[in-house]
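To start, the structure under review is shown below, and the notes come after it.
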Amino acid sequence: MKTAVYPGSFDPVTYGHLDIIKRASQMFDEVIVAVMVNSAKTPLFSLDERVKMLRESVKDLGNVRIESFGGLLIDYCGKNDIHIVIRGLRAITDFEYELQIAQTNKELSHNKVDTVFLTTSLEYSYLSSSVVKEIASYNGDITPCVPEFIANSLYEKYGFNKEIGGRPYDQQD
Ligand code: ADP
């Protein structure tokens, strides 16, 4: 059985991530989405919230599992007998960082862990969790970026009433 792990912060999961998860789920027998516990970034959503949002978002994909992990990704891979890591590439700016991480993981795992890159679908190439949070923090419209229930959670985090949060650009006062 070919299992791949898709690690990330997912703070919160966006349609860009979901597109990668769906495409990966068609390529592998099983995809484990691994939400990072320790990250250099301070997350807006708790680990529990990020895991729950992902579970709800992928509930129709039978071969996708949501887990969390701390420590080194290659240790997680070793413990779970996983040899393939999936990462998404949006633009050339992602490439250098991603290449470095992929090569580090390959070296540290003695060539047991390889990284497969999926390029973003064009309509999501501008999307990142940070951009979505920034737009939401100004009560902007994030409905093209994340599922509705996640948009509502974001508006609540930033103190906006979810009923009026993120009115589309052409409906602002
Ligand atoms: P990290 O904190 O590890 O960068 P993220 O949750 O931000 O975690 O992203 C996880 C992975 O998803 C990364 O490989 C990132 O490049 C990819 N990704 C994020 N947004 C998109 C997108 N819009 N299209 C394709 N891949 C994406």
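The values are calculated or read from the model by the stated rules, or taken from the named source; none is laboratory data. Computed from a predicted structure; not experimentally measured. Using ideal geometry, Cβ is built from the backbone for each residue, glycine included, and neighbour counts are taken over all protein chains shown. Side chains are part of the model used for accessible areas, which takes the heavy atoms of the whole protein and leaves out ligands, DNA and RNA. Shrake-Rupley method; radii C 1.70, N 1.55, O 1.52, S 1.80 Å.
In segment 138-152, what count of residues is obtained for those that are touching a residue at least 60 places away in the same chain (Cβ under 8 Å) and assigned to a loop (DSSP other than H, G, I, E, B)?
4
How many residues does segment 43-90 hold that are surrounded by fewer than 13 Cβ atoms within 10 Å (Cβ to Cβ) and either under 23 Å from A102 (Cα atoms) or among the hydrophobic types (A, V, I, L, M, F, W, C) (or both)? Explain how you work it out, then say what you get.
Going residue by residue through segment 43-90, those that are surrounded by fewer than 13 Cβ atoms within 10 Å (Cβ to Cβ) are 46, 48, 59-60, 62, 70-71, 79, 81.
Add one more test, that the residue is either under 23 Å from A102 (Cα atoms) or among the hydrophobic types (A, V, I, L, M, F, W, C) (or both), and what stays is 70-71, 79, 81.
Count: 4.
I need the full set of residues from segment 63-105 which are among the acidic types (D, E) and over 17 Å from the mean Cα position of the chain (by Cα), in order please.
First, pick out the residues of segment 63-105 that are among the acidic types (D, E): 67, 75, 81, 94, 96, 98.
D75, D81, E96, listed by residue number.
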**Asked** What residue, among those in segment 7-38 that are among the hydroxyl-bearing types (S, T, Y) and more than 8 Å from the chain's Cα centre (by Cα), is most open to solvent (accessible area, probe 1.4 Å)?
**Response** Y15
**Prompt:** Can you list the helices (runs of 4 or more DSSP H) found entirely within segment 6-91 that contain at least 2 residues being touching a strand residue (DSSP E or B) at 6+ places or on another chain (Cβ under 9 Å) and either modelled with pLDDT under 95 or within 13 Å of the ligand (Cβ to nearest atom) (or both)?
**Reply:** 15-27, 47-57
**Fill in**
Checked against (1) among the hydrophobic types (A, V, I, L, M, F, W, C); (2) in contact with an Asp or Glu (Cβ under 8 Å, 6 or more places away or on another chain); (3) not in a helix (DSSP H, G or I), I135 satisfies every condition except (3)
**Prompt:** Applying the selection to segment 92-116, what residues are within 12 Å of the ligand (Cβ to nearest atom), under 18 Å from M36 (Cβ atoms) and surrounded by 14 or more Cβ atoms within 10 Å (Cβ to Cβ)?
**Reply:** D94, E98, I101, A102, T115
